[in-house]
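The values are calculated or read from the model by the stated rules, or taken from the named source; none is laboratory data. Every value quoted in this text rests on a predicted model; they were computed, and no experiment measured them. Heads up, the Cβs are rebuilt from the backbone with ideal geometry, glycines too, and the neighbour counts pull from every protein chain shown.
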């Protein structure tokens, strides 16, 4: 089935949930609200003509200052039987940074959700074991958020060659278009 | 030539030590080992008798005692494992289930 | 007169006999330890060539001095004892296997008439000593106070007890045929046959014995107690320096002992089959020790060969093999041997 | 009384032993840490801990241009860096809407398949080494050495190659390379058969250690998100190279080997068969290799020009300057998910572009990450040595898992 | 004189070892001291011309039974004994009881009279080898008890497996 058709099916079934359908280079994203995400996912997994039995990917995206709500949780679903793919994007606002877990639909989502929690701070309701995964358990902050600094300010301990590089970069900035 | 009585005396002392160990210790492992000690002391006297009386029957008895000791150790330790699985206790005071 | 007196009495009196015994012990232990150091070298060379690499090449020509360098390194390495270890047990544990295996050498006849103690229960003595070697492993596993060594120790104690049975039973056939437990007598008994080795009538026992011997010495495919990929190094994971070297040496002495038992009980020891000796009389000139060592080296090579070829058994499979295959086979061998012996 | 005893017997068990396997452990293929709760030797609970190699690749990539993010991809699965680079380049090309020339596509396919061979032989060999068969390990490293030499011949690096470029490959391959590679492919199937398979395939111990161990059914494997040979061992013929071909995969003939029982042995067999298939693909690619350029005509906008050109040609100098400071021009706004089949499984790149020269978000869907997560499912209820077999069979690289 | 010296050494060491065995707090140490004790017992057997019994003593007691003890101690991981009330309320009572029985035995030892001598003189055994001599007696005169012993072992094997088997 073409991704476009799948998106239409989802819109027909959950008209209130689907906010937008986007297409780029043949790939279709369905942007949905987060409240009934588990129901939608369950439907996508169980419906015989869709049968998305394989979750390719689950990740978070931070749109700080670009869009509201701030976060998106992106699901890439694939059906090995029907060979079609769809991208579902659930919007998660910053003040209610939680979404339902899909772990009991796809066991493979377990660690992806943990990673998303670890790096973005998006909580997954109903996740069996929501702990930090890549970072140490006592880590502060969620590094993939856009407001998380790429690099710590080391002050005096900084390698002095790096300062020169920074200064050169600053001087060159004016030549950029 | 060492007198036979010396062997019997040695055997008796070890037997008594084993008996004392059985009575005053409360760790079942040590108690089982005390039993082994007692059986061994008997073996010593049996071998000594056999040597002095020039008869191999004493040593045959040692065989049977070793057999029984092996069986006893196996069963005793199996009971111990079973008990431990049930009770996580190897001190005799705490094992009073048999009474009831 | 008891056994101690008999050992000490002789034509030249106590002192001379004691001196002779000490000289023999020194020669046997010295030569064996030299063989052990070079057994490690040959193992690395043999397995290296089997695995399309060269093995040690740096120390001396073709790495010939490598074992000496290894030995020196192990001697001078720091001896680390874990702080939570049971120190006396931890310290004494490595001595037991090397003591047990080296004392096994006492009853091994290397050639006609050369044996430190020609006792009548030679084979039983060997069993007794090989069962002792388990203590070193179990004690090390327990005293290190590490979970990996502990698991290694547990596995090893179970393994050694199980395979001891199979090994003992496999040699009963040999005992029946030879009618003796004295190793020299067993060798002589083999000379009565044209083939000159019990290997041919007792091939089943030989198979069981070799498998059990691999297990007793903790060699591949039965190296579970020290499986480096599961238990890192098993029971001696906490050992270093000279204490580690004792374990290492004991393993190799154990291999030599097991190979010697196999050679003595199944391959005719220092003799060659009468058929061959009669057809090529020139071979009779060759001293017995040459045949003995040749056969022992073949078995040691077998150890290396197997190590380079097969994967490792799993713990439960190892137990199943020991109890469900080897012991029934050994028992069947005993039954058949006794029936044949009774009939003839 | 009797009833109490029996309930006590079923409820209370022997004290469990918790052991920490890793992060420094010879069988964990890197810095994986498994916390195992053991009852005797039976694993009751297995908790993997990953992240010891976390380098923040995704965060770093967000702050780099598309080109300078390429070397990060080398270091994901460091034993199959070529496949990761190819995957990344395919993804970025699709985002930019450009196409690599045919010759470059074939070269990339050759390189990916060479990587697959070298990765699979490492996977199988270390697996065998963990189980105790060490000779296979050294045999296969001999053959991997030849492949690494060929990599070195083409791009100067053996491990972290950074050879593919957005819009093609860095430089053309030499005829000597092709000849040597062709010679390798002539002899390799025989090596597989005579040296690898005879050594362990008929070995009773190997069969006992692998058959019926770590069984996972096809449905369950899909549900867990397994990919690559780990999934195909369960009998699911899912292969991105067939389902969504990229590079020259739609122009070559190959089979997707699948297993039947989904146990350790079937996954091992799948890898062995894939070696042959990869060998076949390489041969076809060499035979069909078209002539022509190895960079797309509009590639200078995306990829650094050669160094000698920069020093002599004004155009190239400008391109170099712009690419370094701003990144590739004209990155369209949008998002794309591209999956590629790397040796370990499906490596997915989800790139969100905001129209600048840097990816707004670069998400890496790493197969090893998913495969590690299935370890508790495979190990619980098994015994300790099976844990080793299971770690080997999912063929993980922790650099990719932790990113 | 030499035999008496030997005996003296064995007696002193064995008695002190058995005291050590029953007084260790750590059962593993206890087992290890017991191992040394068994070696001395085997030595004593050699001294009494019972070489086969000596070998069996080491193979069975040291090699099997004690390893079994060690195995169980390690498996259950019983390192230290917790001190609490004893089997016989006060330990001096136990010791007194033991010593009184010891006294009784010692008084009776002096009354021992040796029975009739058997036909297995040392020379006869030497000529035939100890193992063969013992085997002959065991498999002729004591064949029936020997078979019963094997039954005992069988029952012990079955019993141990049934007891230690996991339920459910």
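Values for this structure:
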quantity: Subset of the range A:64-88 that is at the interface with chain D (Cβ under 9 Å from one of its Cβ atoms) and in a strand (DSSP E or B) - its residue that is nearest to residue A:3 (Cα to Cα); calculated: A:85
quantity: Residue C:127 being under 25 Å from residue C:31 (Cα atoms) and in contact (Cβ under 8 Å) with a residue 24 or more places away in the chain; calculated: yes
quantity: Scan of the range D:150-195 for residues that are part of a loop (DSSP other than H, G, I, E, B) and touching a strand residue (DSSP E or B) at 6+ places or on another chain (Cβ under 8 Å), ordered by number; calculated: D:163, D:167, D:170
quantity: Residue tally, condition within 11 Å of chain A (Cβ to nearest Cβ) and under 21 Å from residue D:55 (Cβ atoms), over the range D:352-367; calculated: 9
quantity: Which listed residue is part of a helix (DSSP H, G or I) and within 11 Å of chain A (Cβ to nearest Cβ), from D:376, D:385; calculated: D:376
quantity: Top-ranked residue in the range A:90-104 [being within 13 Å of chain D (Cβ to nearest Cβ) and surrounded by 20 or more Cβ atoms within 10 Å (Cβ to Cβ); ranked as farthest from residue D:218 (Cα to Cα)]; calculated: A:102
quantity: Residue satisfying all of: in the range C:166-210; part of a loop (DSSP other than H, G, I, E, B) and within 14 Å of chain E (Cβ to nearest Cβ); farthest from residue E:134 (Cα to Cα) among these; calculated: C:182
quantity: Among (1) at pLDDT 80 or above; (2) more than 7 Å from every other protein chain (Cβ to nearest Cβ); (3) more than 22 Å from residue B:52 (Cβ to Cβ), the one test that residue E:43 misses; calculated: (3)
quantity: Residue count for the range C:309-344, restricted to those that are farther than 16 Å from residue C:163 by Cβ, within 13 Å of chain D (Cβ to nearest Cβ) and surrounded by fewer than 20 Cβ atoms within 10 Å (Cβ to Cβ); calculated: 1
quantity: Residue match in the range E:25-32 (condition: over 18 Å from residue B:73 (Cα atoms), more than 8 Å from every other protein chain (Cβ to nearest Cβ) and at pLDDT 85 or above); calculated: no
quantity: Residue within the range A:105-118 that is under 20 Å from residue A:69 (Cβ atoms) and assigned to a loop (DSSP other than H, G, I, E, B) present; calculated: no
quantity: Residue within the range E:122-134 that is within 21 Å of residue C:179 (Cα to Cα), assigned to a loop (DSSP other than H, G, I, E, B), more than 7 Å from chain B (Cβ to nearest Cβ) and modelled with pLDDT of 80 or more present; calculated: no
quantity: Residue B:38 at pLDDT below 85, closer than 29 Å to residue E:73 by Cβ, under 10 Å from the mean Cα position of the chain (by Cα) and assigned to a helix (DSSP H, G or I); calculated: no
quantity: Top-ranked residue in the range C:58-83 [being over 28 Å from the mean Cα position of the chain (by Cα) and either at pLDDT 85 or above or closer than 30 Å to residue D:125 by Cα (or both); ranked as farthest from the other protein chains (Cβ to nearest Cβ)]; calculated: C:61
quantity: Subset of the range D:1-26 [modelled with pLDDT of 75 or more and either part of a strand (DSSP E or B) or within 7 Å of another protein chain (Cβ to nearest Cβ) (or both)]; calculated: D:17, D:18, D:19, D:20, D:21, D:25, D:26
quantity: Qualifying positions in the range C:84-98 - in a helix (DSSP H, G or I) and either modelled with pLDDT under 85 or over 13 Å from the mean Cα position of the chain (by Cα) (or both); calculated: C:87, C:88, C:89, C:90, C:91, C:92, C:95, C:96
quantity: Residues that are surrounded by 24 or more Cβ atoms within 10 Å (Cβ to Cβ) and over 10 Å from residue D:196 (Cα atoms), drawn from the range D:117-133; calculated: D:117, D:118, D:119, D:120, D:123, D:127, D:128, D:130, D:131, D:132, D:133
quantity: Residue under evaluation residue A:40, criteria (1) without any contact (Cβ under 8 Å) to a residue 60 or more places away in the chain; (2) part of a helix (DSSP H, G or I); (3) more than 17 Å from the chain's Cα centre (by Cα), criterion not met; calculated: (3)
quantity: Qualifying residue in the range C:260-279 (condition: within 14 Å of another protein chain (Cβ to nearest Cβ) and under 23 Å from residue C:97 (Cα atoms)); calculated: no
quantity: Helices (runs of 4 or more DSSP H) within the range D:45-137 that include 1 or more residues within 14 Å of chain C (Cβ to nearest Cβ); calculated: D:102-131
quantity: Any pair with Cβ under 8 angstrom, 6 or more apart, that starts in the range C:227-251 at a residue that is closer than 25 Å to residue D:128 by Cβ and ends at one that is modelled with pLDDT of 85 or more and part of a loop (DSSP other than H, G, I, E, B); calculated: C:236/C:94
quantity: Qualifying positions in the range D:285-295 - part of a loop (DSSP other than H, G, I, E, B) and within 26 Å of the chain's Cα centre (by Cα); calculated: D:289, D:294
quantity: One residue from D:27, D:61, D:69 being farther than 30 Å from residue D:96 by Cα, crowded, with 18+ Cβ neighbours inside 10 Å and within 21 Å of the chain's Cα centre (by Cα); calculated: D:27
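Results for (1) out of contact with any strand residue (DSSP E or B) (no Cβ under 7 Å at 6 or more places or on another chain); (2) outside any helix (DSSP H, G or I); (3) more than 7 Å from chain E (Cβ to nearest Cβ); (4) at pLDDT below 80, shown as yes or no for each residue.
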residue	(1), (2), (3), (4)
B:6	yes, no, no, no
B:16	yes, no, no, no
B:65	yes, no, yes, no
B:76	yes, no, yes, no
B:81	yes, no, no, yes
B:86	yes, no, yes, yes
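Matching residues to (1) farther than 30 Å from residue D:198 by Cβ; (2) within 19 Å of the chain's Cα centre (by Cα); (3) at pLDDT 85 or above:
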| position | (1), (2), (3) |
| --- | --- |
| C:286 | yes, no, no |
| C:293 | yes, yes, yes |
| C:300 | no, yes, yes |
| C:310 | no, no, no |
| C:313 | no, no, no |
| C:333 | yes, no, yes |
| C:339 | yes, no, yes |
